[in-house]
Amino acid sequence: MSTAALAANALTPRRSPEPARRSPEPALRSVPPATTAPVPDAVPRRRTRIQGATTDSLPVRACSGESLGRHSAAPTRQRLQAEPSTLNLTRRGRLLLTVLSVLVFGSAIVVLGLRVTGVLEPGPHFTHTVPVQVTPGQTLWSIAQSTNPSQDPAAVVEKIADLNKLSSPADITPGQTLQIPIAG
């Protein structure tokens, strides 16, 4: 048995054994009544005396009983919600929290502002256009790869379709002249 179980067993209140009932006829009693083993009374621990110290100044450590496996009748949630905890910050802590908040929100505003103005816009930046005549067997994809080899062909094909007002990339015919954007 573990020490916690022994301690919980020692702290539970014991009922005294019921007194044996006397039967009116002693001759009918053949089996003695069952009795429980006597429980030794717990002797309270004595504190050692310290020279020059009073017992009032000694620290007292309380035991709730829950650590021994005994639970109180009140639910645990009610006790946890009884005292709401508050965060007490020092002056330095409040200053640090304020500075961090300003940095986070300030950087978010700067990034969103740059994104709206187009500075952080993903994709290639085209500086000028070049006229290209479509030959038989060419596609917008092959034209985009040959004119802008360092760029993503999908972005170049989309820009070619926008510049030349094509409804789909398949709307080109051999001999047609297209304006092709060139990234700078």
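How far apart, in nanometres, would the label points at Ser168 and Thr127 be if each is projected 7 angstrom from Cα along the Cα-to-Cβ direction? In this crude spin-label approximation the distance works out to 3.6 nm.
Taking amide H atoms as placed 1.01 Å from N in the peptide plane, the amide H of Ile180 lies under 5 Å from those of Val130, Val132, each 5 or more residues away in sequence or on another chain. Note on Val111 and Ala154: the extension gain reaches 12.9 nm, defined as 0.36 nm multiplied by sequence separation minus the Cα-Cα distance. Taking amide H positions as modeled 1.01 Å from N, with prolines and chain starts lacking one, no residue 5 or more places away or on another chain lies under 5 Å from Asn164. Sorting the segments 95-104, 125-134, 138-147 by their residues' average number of neighbouring beta-carbon atoms within 10 angstrom, most packed first, yields 138-147, 125-134, 95-104.
Every number here is computed from the coordinates shown, using simple stated rules; none is lab data. Note that the structure is predicted; figures quoted are calculated from it, not measured. Using ideal geometry, Cβ is built from the backbone for each residue, glycine included, and neighbour counts are taken over all protein chains shown.
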